[in-house]
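K.L.:
The structure is given below, and queries will be raised subsequently.
The values are calculated or read from the model by the stated rules, or taken from the named source; none is laboratory data. Note that the structure is a prediction, hence the values are computed from the model and not measured. Every residue, glycine among them, receives a Cβ derived from its backbone with ideal geometry; neighbour counts consider all protein chains shown.
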Amino acid sequence: MSRSRRRTLIAVALALVSGMVLLAAASFGLLTTWQAQSTDFLFKTKAAESSSRVGIVAIDERSLREMGGDGRVFNWPRSHYAKVMSALSEAGARVIIVDVLFDTPTGEDDALAKAISSGTVVLPIVGELPSSAPSGAPMAYDLAVSPAPVLARAATGLGHANVNPDGDGTVRRQQLVVSSQGQDIPSLALVAAARYLRRPSVLEGPPANGSLPFAGRAIPISDGRRGMLINFLGAPYEAGRRSAFPVVSFVDVLRDAADLKPLKDRVVLIGVAALGYADDYWTPASIGRKMSGVEVTANAVETILRPAFLRPVGSAANAVLIIVLSLLSGVAAVHFRIVRAAIAAVVLVILYFLGSFTLFDGGIVANLVYPPLAPLLAFGVIVIYRVLFVEADQRAARRLLAGYLSPAVMAEVLKDPDRLHLGGEKRQMTILFSDIRGFTTYSEQMESGALASLLNEYLTEMSAVVFEQEGVVDKYIGDGLMAFWGAPMSQEDHARRACLAALGMMRRLRELHRRWQERGIPAFNIGIGINSGIVSVGNMGSKERFSYTVIGDAVNLASRIEGLTKLYGTGIIASEATLKLAGEDVDRRFLDLVAVKGKHEPVAVYELAQPADGDEAGVRTDRRELRRLYDEGLQLSAERRWQEAIATFQRIQKDWPDDGPSAFHLQRCRELAENPPPAEWDGVYVAKSK
């Protein structure tokens with residue numbers, strides 16, 4: 001198994017583990033409050049809506065102030081309520097909910113009962129002293145306080161008016177059904193919706209599959225206790241500001257000073273809308289201001305009638321999201337650099353939140369804690385793994401590889417170090433050998449320390465040129481260097497890169513000569529041989545001690561070609577195989593057909609033209625004549641016209657005495673003229689030394 005694949009599998013495993021940790025936390029109900037509070041943010045970001053079915057007659061601050069009673073609405077004459085109810089009935093209110101408890105009988109109850117008996121009024125029941133109840137059962141109260149009997153009989157329905165905040169004090173749900181002394185009591189909101197829709201009964205059946213059947217619709221109950229999430233329309237009512245519901249002041253209705261047309265055909269709630277009277281609550285839609293209990297109930301009624309139910313994403317879907325987000329972040333964390341992996345994790349979180357906003361508009365409440373945590377946790381776990389193990393391995397590998405891989409190649413190898421596996425693979429590659437000419441004699445002129453320093457400087461510069469062409473320095477052989485292209489990364493232009501590296505090494509050597517001349521160090525020449533072919537490449541050796549190298553006939557031939565540079569008196573020689581791959585724009589000069597030592601098959605070899613300083617575009621103009629004469633001499637030699645060839649090469653030697661290949665062919669033509677070869681001679685030169 002490759003190391004890259006193994007790391008991916010480890011990342012997947014770690015991501016799964018982090019996802020399973022989050023799933024376990026979710027199953028134990030951890031961070032439930034965080035989830036609820038994060039969901040509140042969705043209400044604060046959505047656009048405010050207006051109700052078309054519900055209105056409010058508010059016992060507001062002005063009503064309390066002008067009607068007296070120290071704000072104790074229970075002490076007001078019940079005739080006031082009777083008048084308001086009658087006015088609403090006459091105005092066409094379809095259902096009237098009175099969120100005021102008339103539990104104590106008074107002498108005005110008959111008149112109030114008459115107003116209630118219009119057939120449209122729902123009165124409240126208040127549960128007190130809550131007791132424990134089995135999981136999944138309705139919230140239970142030891143005591144339920146009902147209206148006075150004469151009023152209860154006159155009402156079209158009774159519903160509980162309890163508002164139950166969550167543990168953090170925020171109201172998010174309406175308990176659709178509570179129980180007291182074995183009796184189920186529907187909420188005011190549920191009774192009002194049933195009367196509005198003219199349903200014969202309020203409770204139409206037991207809960208099933210997480211929902212309560214009602215009026216042909218299934219009301220989602222999210223907490224296992226018949227609690228419906230309230231889809232709040234907007235921020236709490238505030239006098240002088242636009243409200244989600246049409247609001248009329250109680251005192252204005254009482255004084256016949258209110259326009260009741262907006263309340264026609266609506267469910268109209270009568271209740272205390274002033275804050276600070278023990279019936280106000282924080283809600284998800286609250287922005288610096290609490291919401292009155294009557295407005296909470298109004299939002300619950302609107303949720304049922306619209307219908308605009310909120311359905312939390314199921315546990316199975318959450319589990320899938322957690323695992324998928326963990327895996328995506330985990331794979332990114334193992335394959336990207338840490339900064340990019342962090343960006344990927346953050347992008348996943350952002351996309352999830354954007355998706356959550358869209359889902360919320362459709363009534364789906366996404367979990368905003370565990371799925372967003374999943375990519376972040378997976379990223380953190382895998383980054384720790386990378387720092388402790390993978391990055392440590394890569395730092396060690398980087399130190400090991402820095403000596404013979406260019407930074408660009410090393411970066412690719414470190415993505416998949418198994419490219420350097422023990423054992424070889426067959427590839428077409430290009431191999432380069434270089435060597436210092438007469439180094440033994442040269443070294444005798446220098447002190448050993450200075451010689452070592454000079455050699456290090458030279459090999460460092462030559463290696464840098466190889467790295468510039470993204471080659472691999474295979475080894476240093478005394479004063480020589482071996483490099484190759486085409487592995488560990490595939491390089492289609494490996495031959496061209498090797499040729500450019502050879503030319504670059506010659507340019508760099510001339511720069512060194514100028515630098516050394518200032519220090520009084522004598523110059524030296526080098527020879528470079530290049531060949532391409534099928535070789536075996538890989539980590540060769542034992543499991544304990546090995547090196548990444550190439551072996552094969554093509555490697556041996558490259559070494560032999562490097563040796564020919566002495567014979568032909570030139571700096572760079574490349575085989576025909578290399579130049580066919582390198583492209584026609586690599587300037588060359590044919591040297592010979594050579595059967596190198598140890599090989600029977602001849603090889604066509606070429607000199608790579610070295611542009612002079614200041615003329616990097618090609619061979620200088622005054623060398624064109626040299627090339628013409630040189631080609632003419634080779635042709636004459638091939639035609640066995642030795643004396644004419646000798647004359648041609650002598651002319652070259654006169655004008656270009658430093659041209660090594662011409663000097664070689666001049667000497668060769670003289671030998672052939674003295675001892676002509678047989679008629680079947682094919683022109684191949686057989687090298688007698690390496």
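K.L.:
Are there any pairs, at least 6 apart or on different chains, whose C-beta atoms fall under 6 Å, with the first in the stretch 547-558 and touching a residue at least 60 places away in the same chain (Cβ under 8 Å) and the second in a strand (DSSP E or B) and among the hydroxyl-bearing types (Ser, Thr, Tyr), and if so, which?
P.N.:
Going by the 6 Å Cβ cut-off, the qualifying pairs are 551/536.
K.L.:
If residue 195 satisfies all but one of (1) in a loop (DSSP other than H, G, I, E, B); (2) surrounded by 21 or more Cβ atoms within 10 Å (Cβ to Cβ); (3) basic (Lys, Arg), what's the number of the condition it fails?
P.N.:
Failing condition for residue 195: (1).
K.L.:
Something else: I need every pair where a residue in the stretch 16-43 that is touching a residue at least 40 places away in the same chain (Cβ under 8 Å) has its Cβ under 8 Å from the Cβ of a residue that is crowded, with 18+ Cβ neighbours inside 10 Å and among the aromatic types (Phe, Trp, Tyr), sequence separation at least 6 or different chains.
P.N.:
Once the first residue is touching a residue at least 40 places away in the same chain (Cβ under 8 Å) and sits in the stretch 16-43, its partners that are crowded, with 18+ Cβ neighbours inside 10 Å and among the aromatic types (Phe, Trp, Tyr) give 22/370; 23/370; 25/370; 26/370; 31/370; 35/370; 42/360; 43/232.
K.L.:
Would you be able to say whether some residue in the stretch 341-354 is under 30 Å from residue 197 (Cβ atoms) and either surrounded by 14 or more Cβ atoms within 10 Å (Cβ to Cβ) or not charged (D, E, K, R) (or both)?
P.N.:
Looking through the stretch 341-354, none of the residues is under 30 Å from residue 197 (Cβ atoms) and either surrounded by 14 or more Cβ atoms within 10 Å (Cβ to Cβ) or not charged (D, E, K, R) (or both).
K.L.:
Let me ask another. Looking at the stretch 273-295, which of the residues that are β-branched (Val, Ile, Thr) and buried (at least 23 other Cβ atoms within 10 Å of the Cβ) is farthest from residue 220 (Cα to Cα)?
P.N.:
294
K.L.:
Moving to a separate point now. In the stretch 64-82, what residues are modelled with pLDDT of 90 or more and within 20 Å of residue 239 (Cα to Cα)?
P.N.:
Matches in the stretch 64-82: none.
K.L.:
Residue 456 versus (1) modelled with pLDDT under 85; (2) exposed (fewer than 15 other Cβ atoms within 10 Å of the Cβ); (3) of a type outside the set (A, V, I, L, M): which is the lone unmet condition?
P.N.:
Against the list (1) modelled with pLDDT under 85; (2) exposed (fewer than 15 other Cβ atoms within 10 Å of the Cβ); (3) of a type outside the set (A, V, I, L, M), residue 456 comes up short only on (1).
K.L.:
Something else now. Run down 82, 115, 36, 58 and say which single residue is touching a Leu at 6+ places or on another chain (Cβ under 6 Å) and not aromatic (Phe, Trp, Tyr).
P.N.:
82
K.L.:
Among residues belonging to the stretch 432-449 that are surrounded by 12 or more Cβ atoms within 10 Å (Cβ to Cβ) and assigned to a helix (DSSP H, G or I), point out the one that is modelled with the highest pLDDT.
P.N.:
439
K.L.:
Do any strands (runs of 3 or more DSSP E) lying entirely in the stretch 221-338 carry at least 3 residues that are of a type in the set (Val, Ile, Thr), and which ones are they?
P.N.:
267-272
K.L.:
What is the number of the single condition among (1) farther than 22 Å from residue 326 by Cα; (2) surrounded by 15 or more Cβ atoms within 10 Å (Cβ to Cβ) that residue 7 does not meet?
P.N.:
Failed condition: (1).
K.L.:
Which count do you get for residues in the stretch 588-642 that are polar (S, T, N, Q) and modelled with pLDDT of 80 or more?
P.N.:
Within the stretch 588-642, residues that are polar (S, T, N, Q) and modelled with pLDDT of 80 or more number 2.
K.L.:
Given the condition hydroxyl-bearing (Ser, Thr, Tyr), under 18 Å from residue 38 (Cα atoms) and touching a residue at least 24 places away in the same chain (Cβ under 8 Å), answer yes or no: does some residue in the stretch 329-336 qualify?
P.N.:
no
K.L.:
Same structure again: For the subset of the stretch 157-176 comprising residues that are surrounded by 24 or more Cβ atoms within 10 Å (Cβ to Cβ) and in a strand (DSSP E or B), which member is farthest from the chain's Cα centre (by Cα)?
P.N.:
159
K.L.:
Here's something else I'd like to know. What's the number of the condition residue 487 fails, among (1) within 45 Å of the chain's Cα centre (by Cα); (2) small (Gly, Ala, Ser); (3) assigned to a helix (DSSP H, G or I)?
P.N.:
Going through (1) within 45 Å of the chain's Cα centre (by Cα); (2) small (Gly, Ala, Ser); (3) assigned to a helix (DSSP H, G or I) one by one, residue 487 breaks only (3).
K.L.:
If you don't mind, there's one more thing I want to ask. Quick one: which strands (runs of 3 or more DSSP E) sit completely within the stretch 525-597 and have at least 3 residues that are under 30 Å from residue 512 (Cα atoms) and of a type in the set (A, V, I, L, M)?
P.N.:
Values: elements: 526-541, 546-551, 572-575, 588-595.
Answer list for the stretch 525-597: 526-541, 572-575.
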